[in-house]
Amino acid sequence: MTISRRELFLGAAASLAPGTSRADGGGLSRMVVRSPRPEDLEMPPEGFSEWVTPIDRFFVRCHTYTPNVKLSDWSLKIDGRLEHPLTLRIEDLKKFPRVELVGVLECAGNGRRYYEPHVAGTQWADGAVGNGRWAGVRLRDVLRKAGLRGSAKVLLFDGADVPLGKMPDFQRTIPVAKALDPDTLLAYEMNGQPLPVEHGFPLRVIAPGWAGDSWVKWLQHVEVLDHEFEGFWMKTAYRHPTRPVAPGTSVDASEMVPVTDLAVKSVIALPSGWARPGPVRIQGTAWSNRTPIRKVEVSTDGGRSWQAVKLAGPQTQYGWRLWQYDWRAAEGRYTLMSRATNADGETQPAMAAWNPSGYLWNAVRPVVVTISAQAPSANDGAAPDMAYPEGYRTACFGCHDDHMMRQQRLNRSQWEREIDKMTGWGAPVRPENRDAIIDYLSGQFKP
Ligand SMILES: Nc1nc2c(c(=O)[nH]1)N[C@H]1C(S)=C(S)[C@@H](COP(=O)(O)O)O[C@H]1N2
Ligand SMILES: [Mo]
């Protein structure tokens with residue numbers, strides 16, 4: 001996969017040549033930084049070669065700055081429609097039976113950059129996903145102790161992160177049925193160690209089979225409600241249409257439903273960009289919601305013919321499945337594709353269903369690979385310096401830097417909407433600078 005010069009990497013000596021990977025001896029690539037602060041970090045493609053994703057490659061998605069929770073100050077409050085509201089410290093939680101599962105955590109916006117027309121939001125390629133080993137307690141066991149009342153309808157989760165400016169607090173609900181699912185956990189461990197800070201220390205929600213927005217991090221309050229929650233992150237964000245909509249059209253939030261289940265999907269990890277002629281192993285992962293993957297097929301001729309591949313590695317209900325295909329490749333340029341089908345017979349589509357926020361992208365994606373004895377040369381890194389318009393830095397660099405803007409590909413009216421959203425959240429845009437900022441953004445970062 002070609003890494004564009006707009007993508008910056010964490011750490012020093014961090015430029016990754018197209019086609020470089022561990023298998024070619026290219027060294028470990030770093031996370032792709034979509035935004036350093038708030039932190040949005042993407043797993044590089046090689047991450048799709050491993051069954052359990054190591055923490056140092058696991059994607060990170062934060063709507064606001066990462067809170068540093070001290071265990072000595074922390075407790076979990078559980079209240080609302082309950083017989084016995086509880087306040088639990090970590091020792092109290094650990095008295096419930098410990099449960100472990102391996103499961104895919106994927107951001108609803110993963111693959112957003114592949115939608116046409118482009119939509120605003122973090123421009124994830126394939127790597128806003130990882131397969132974690134999560135351990136903690138069943139939410140159901142805790143709710144049994146607290147005694148759910150008959151009127152309970154949804155559970156409202158709130159983490160310790162604090163919104164920026166006037167942005168609404170990140171609060172999410174799940175219905176009681178999902179909360180009582182024996183696989184819905186409150187996790188205090190990831191991959192055998194205490195939850196890392198950026199993944200929600202000391203406690204997060206594990207909602208297996210559902211997109212990441214339900215997996216609330218830094219959990220400190222669970223409130224049981226007898227009505228639907230009206231907050232921004234339920235009623236405006238993380239909603240998608242249930243019926244097909246014409247690409248590029250706007251859809252009222254009231255005509256959309258919250259994102260829940262993940263979609264059946266596969267990704268090619270290797271080869272990436274370039275390989276030498278001869279035996280080439282095509283490999284990757286495939287996953288779905290709670291339904292296991294039944295088959296993965298690969299095409300090396302742009303979708304004209306397909307071969308079933310070998311599923312490899314462990315199989316668990318919510319984990320991703322590794323797969324591999326041994327190909328004999330002659331010199332040339334090839335279009336590789338992979339296509340997964342789950343046990344319910346759902347297959348990856350040729351086109352993902354466009355939706356206004358760019359959620360749940362799962363189409364079969366062509367990947368071009370060059371087979372040649374000669375390795376391609378590396379392209380140099382840094383983005384050119386830009387002259388900023390008057391007032392831009394003051395208006396827009398207070399909460400995040402320009403990674404947020406540079407990854408977008410929006411038309412003028414979409415940029416106007418972004419400026420209005422940010423102004424509403426507290427960006428100090430002076431009226432006399434507004435037009436110049438919009439001219440700049442819609443000139444530089446257009447479709
Ligand atoms: N409190 C809180 N929880 C959160 C978020 C957040 O911003 N705040 N981001 C959510 C989103 S959109 C995703 S995709 C996952 C990402 O989890 P990760 O950073 O551990 O990969 O966390 C979810 N939980
Ligand atoms: Mo997400």
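The values are calculated or read from the model by the stated rules, or taken from the named source; none is laboratory data. Note that the structure is predicted; figures quoted are calculated from it, not measured. Counting neighbours? That spans all protein chains shown, and the Cβs are built from the backbone with ideal geometry, glycine included.
Structure notes:
- Only a single criterion out of (1) crowded, with 23+ Cβ neighbours inside 10 Å; (2) within 11 Å of ligand 1 (Cβ to nearest atom); (3) farther than 17 Å from E106 by Cβ is not satisfied by A160, namely (1).
- In the stretch 78-118, the qualifying residues are those that are exposed (fewer than 14 other Cβ atoms within 10 Å of the Cβ) and assigned to a strand (DSSP E or B), and the one that is nearest to the chain's Cα centre (by Cα) is E100.
- Pairs with Cβ under 9 Å, 6+ apart, first in the stretch 359-387 and closer than 30 Å to H240 by Cβ, second modelled with pLDDT under 70: V367/M1; V368/T2
- In the stretch 190-223, the qualifying residues are those that are free of Cβ contacts under 8 Å to residues at least 60 places away in the same chain and more than 8 Å from ligand 1 (Cβ to nearest atom), and the one that is surrounded by the most Cβ atoms within 10 Å (Cβ to Cβ) is A207.
- Of all the numbered requirements in (1) surrounded by 14 or more Cβ atoms within 10 Å (Cβ to Cβ); (2) farther than 22 Å from P163 by Cα; (3) in contact with a Gly (Cβ under 9 Å, 6 or more places away or on another chain), G391 misses one, and that requirement is (3).
- When the test is whether a residue is touching a residue at least 60 places away in the same chain (Cβ under 8 Å), within 15 Å of ligand 2 (Cβ to nearest atom) and surrounded by 16 or more Cβ atoms within 10 Å (Cβ to Cβ), Q171 passes it.
- Tally of residues being within 14 Å of ligand 2 (Cβ to nearest atom), in a strand (DSSP E or B) and either farther than 18 Å from R321 by Cβ or aliphatic (A, V, I, L, M) (or both) across the stretch 119-138: 1
- Condition check for T184: among the hydroxyl-bearing types (S, T, Y) and under 17 Å from V224 (Cβ atoms): yes
- Selection count, the stretch 194-203, where residues are farther than 16 Å from G103 by Cα and not in a loop (DSSP other than H, G, I, E, B): 3
- Where strands (runs of 3 or more DSSP E) fall entirely within the stretch 275-384, those with at least 3 residues that are more than 30 Å from R406 (Cα to Cα) are at 278-287, 293-299, 310-312, 321-329, 332-342.
- Single residue of D420, D401 found to be modelled with pLDDT under 90, farther than 28 Å from W210 by Cα and out of contact with any Leu (no Cβ under 9 Å at 6 or more places or on another chain): D401
- Evaluation of S250 against (1) at pLDDT below 95; (2) surrounded by 17 or more Cβ atoms within 10 Å (Cβ to Cβ) (one fails), failing number: (2)
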